């Protein structure tokens, strides 16, 4: 079972992907994680990605497509992928979606479901601008929904909690505007193909997960 998990920044895609990994044994492919790994390792691609992400922009299609294609080519036949995968953060544009269809043909697999997490814009801004991340171990917190025991300090390792540059209020608004312009058309694209299912993302994490489970269980 191969799934695309869509939704605006802050919709909870990463959280829901983790739940799907646990329930169905799927492999999560997160473009955000792949970008951050490249940035941390200071690869040539990481330098390019850092520039765009720091301003809240999408990394250009060519770079993102190349990264996903190479990742799938290296990993699609490994044990981790035996139950399928979740694409989290890809595709984000019509160009990427069309290229994904080519990649599916190239490696002989198909997308079984496209899940879109739908959530109001004001809720997104509140969610994203309140995020904090441990500079040392990477654990995530939220100053409203999931605060640390001690303000500014990681519960796990005692590291400093920081706000990522792409999660300031200004960068958040740019990210949402970019999503509305470039990624929202994918909703129409996958609706036209008859593959899209909308799920209300403005619920508790468990309620959202239950809705997704119902959709996926009907595929079996």
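Of note:
- Matching residues, the range 62-119, being at positive phi and either surrounded by 12 or more Cβ atoms within 10 Å (Cβ to Cβ) or assigned to a helix (DSSP H, G or I) (or both): 84, 89
- In the set (1) within 25 Å of residue 35 (Cα to Cα); (2) under 20 Å from the mean Cα position of the chain (by Cα), residue 210 fails one condition alone, (1).
- Output for the range 120-135, where each listed residue is under 30 Å from residue 153 (Cβ atoms) and in a helix (DSSP H, G or I): 122, 123, 124, 125, 126, 127, 128, 129
- Within the range 136-150, restricting attention to residues that are in contact with a strand residue (DSSP E or B) (Cβ under 8 Å, 6 or more places away or on another chain) and part of a strand (DSSP E or B), the residue that is farthest from residue 37 (Cα to Cα) is 146.
- Pick from the range 182-200, criterion closer than 29 Å to residue 49 by Cβ and assigned to a helix (DSSP H, G or I), ranking: nearest to the chain's Cα centre (by Cα): 183
- Of all residues making up the range 13-23, the number that are within 13 Å of residue 210 (Cα to Cα) and either crowded, with 17+ Cβ neighbours inside 10 Å or touching a strand residue (DSSP E or B) at 6+ places or on another chain (Cβ under 9 Å) (or both): 4
- Residue in the range 151-159 that is without any contact (Cβ under 8 Å) to a residue 60 or more places away in the chain, assigned to a strand (DSSP E or B) and touching a strand residue (DSSP E or B) at 6+ places or on another chain (Cβ under 8 Å) present: yes
- Candidates 169, 74, filtered to the one that is closer than 29 Å to residue 24 by Cα and at pLDDT below 95: 74
- Looking only at residues of the range 32-61 that are modelled with pLDDT under 85 and part of a helix (DSSP H, G or I), we find that the one that is farthest from the chain's Cα centre (by Cα) is 44.
- The residue of the range 201-220 that is farthest from residue 3 (Cα to Cα), among those that are assigned to a helix (DSSP H, G or I), in contact with a strand residue (DSSP E or B) (Cβ under 8 Å, 6 or more places away or on another chain) and touching a residue at least 60 places away in the same chain (Cβ under 8 Å), is 208.
- Residue match in the range 24-31 (condition: in a loop (DSSP other than H, G, I, E, B) and within 23 Å of residue 97 (Cβ to Cβ)): yes
- Scanning the range 161-181 for residues being part of a helix (DSSP H, G or I) and either touching a strand residue (DSSP E or B) at 6+ places or on another chain (Cβ under 7 Å) or over 22 Å from residue 131 (Cβ atoms) (or both) gives a total of 2.
The values are calculated or read from the model by the stated rules, or taken from the named source; none is laboratory data. None of these values were measured; they are calculated from a predicted model. Positions of Cβ are backbone-derived with ideal geometry, glycine not excepted, and every protein chain shown enters the neighbour counts.
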